[in-house]
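Below is one structure, written out as structure tokens; comments come after it.
The values are calculated or read from the model by the stated rules, or taken from the named source; none is laboratory data. Owing to the predicted nature of the structure, the values given are computational and were not obtained by experimental measurement. When we count neighbours, we look across all protein chains shown, and the Cβ atoms used for this are built from the backbone with ideal geometry, even at glycine.
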Amino acid sequence: MKQTYMTIKEGKIFLETSENIEKKYVDLGERGRYYKKNKLNDLTGKEWIKFSKSWFILRPKRRNDGVLLHPAKFPESLVEKYILFFTKKEEKILDPMAGTGTVNYVSEKLGRIGYSIELEKKYFDIGCKRSNQYFFLGDCRNLKNFKIPKVDYIITSPPYWDSLKRNSLRQTKRKEIGLDTEYSSNSKNFENINNYKDFLNELVDFYKNLKNRLKKDRYMTIIINNLYKNGRLYPLAFDLASKLGEYYTLKDEQIWCQDDKPLIPLGVNSAYVGNRHHIYCLVFRNEKEK
Ligand SMILES: C[S@@+](CC[C@H](N)C(=O)[O-])C[C@H]1O[C@@H](n2cnc3c(N)ncnc32)[C@H](O)[C@@H]1O
């Protein structure tokens, strides 16, 4: 007997027969149904909807010793979540400030092709050992020097201006065992730009130029945060979202809630200082000329 099902496409509700559904979808059991003409990824509708929630909690596993030297590596589970949503198998992904090459590592694991650039040799060396993808050493601002094709997706996290330098005062344990608490004193490192406005403008300029390396209508995710310095908040994530929105279309700010960090008694009985336990994942799209 023919059955009728309700389906949702581009926000509209349709009634379809079971025969029709079999032609258009692949049943992936627990995962849900995969729409054969899905333009963006290899996910089912059920998985797509789950991703679209604007906040999420991740409790990443402890890092292994091989990558501990880097003071601000992002977790594999975060990259995996985004790569699975914004690409299909065999597509190309770029991280221009790649640190230990987490994007290349996850790209390889998920059957994508990773391209990465990192300025510091010590992190580049770690990244090269982690995967067999394309890894370039140098200043990402010299994009022309690297043989990188147009990619299907960019995911990256720049230095949060000079925030590591201030944190480093507290990171005595890392220092004692010889681990980095900041990237380097290299003047080409974005971390070493002295003034907030200069830092912001250079970062915006860099991402603006990256646009011609991203295929049309594809996405870029920047993992970034606002930062607290000398008693005030610098709205880096908001400034970047607003300024880059002139060149890309800003689609969302997803919030990674870090509920595994301990609360520290900051300013108690005196003045408000926040325990900042979240990070912004800004989602841009390379839409028509802006
Ligand atoms: C937040 S970390 C990225 C960490 C990386 N996602 C990982 O998982 O290891 C930012 C990186 O940008 C690099 N960087 C800063 N300025 C750069 C530049 N001009 N060119 C290339 N990389 C740069 C830093 O050395 C640092 O490793």
Spot the failing condition for Lys89; the list is (1) more than 16 Å from the ligand (Cβ to nearest atom); (2) part of a strand (DSSP E or B); (3) in the same structural domain as Ile255 (by TED's automatic domain parsing), and only one is missed. (2)
Only one of (1) away from the ligand (no atom under 12 Å from the Cβ); (2) more than 17 Å from the chain's Cα centre (by Cα) is not met by Glu120, so which one is it? (1)
Per-region count, the range 107-119, residues surrounded by fewer than 21 Cβ atoms within 10 Å (Cβ to Cβ) and closer than 15 Å to His70 by Cβ: 0
Identify the single condition in (1) outside any loop (DSSP other than H, G, I, E, B); (2) without any contact (Cβ under 8 Å) to a residue 60 or more places away in the chain; (3) out of contact with any Lys or Arg (no Cβ under 6 Å at 6 or more places or on another chain) that Leu78 does not satisfy, given that it satisfies every other one. (2)
Exactly one condition in (1) within 10 Å of the ligand (Cβ to nearest atom); (2) of a type in the set (Val, Ile, Thr); (3) without any contact (Cβ under 8 Å) to a residue 40 or more places away in the chain is not met by Thr156; state its number. (3)
Looking only at the range 112-170, count how many residues are over 17 Å from Phe74 (Cα atoms), among the hydroxyl-bearing types (Ser, Thr, Tyr) and part of a loop (DSSP other than H, G, I, E, B). 1
For the structure I just gave you, tell me whether Ile49 is at pLDDT 95 or above and over 27 Å from Leu210 (Cα atoms). yes
Residues satisfying the stated conditions in the range 197-244, i.e. part of a helix (DSSP H, G or I), more than 16 Å from the ligand (Cβ to nearest atom) and touching a Phe, Trp or Tyr at 6+ places or on another chain (Cβ under 7 Å): Lys211, Leu244
For a quick check of your reading of the model, give me the residue pairs whose first member lies in the range 127-140 and is on the phi > 0 side of the Ramachandran plot, whose second is at pLDDT below 95 and more than 9 Å from the ligand (Cβ to nearest atom), with beta-carbon atoms closer than 8 Å and at least 6 apart or on different chains. Gly138/Asn145
Does any residue in the range 239-252 that is farther than 15 Å from Lys197 by Cα come within less than 7 Å, Cβ to Cβ, of a residue that is small (Gly, Ala, Ser) six or more places away or on a different chain, and which pairs are these? Leu250/Ala241; Asp252/Ser54
Just one of (1) assigned to a helix (DSSP H, G or I); (2) within 14 Å of the ligand (Cβ to nearest atom); (3) more than 21 Å from Tyr280 (Cα to Cα) trips up Ser184, so point out which. (1)
Pairs where the first residue, in the range 253-273, is assigned to a loop (DSSP other than H, G, I, E, B) and the second is at pLDDT below 90, C-beta under 6 Å, 6+ apart: Asp260/Arg59; Val273/Leu266; Val273/Gly267
Could we say that Pro71 is surrounded by 15 or more Cβ atoms within 10 Å (Cβ to Cβ), in contact (Cβ under 8 Å) with a residue 12 or more places away in the chain and touching a Cys at 6+ places or on another chain (Cβ under 7 Å) here? no
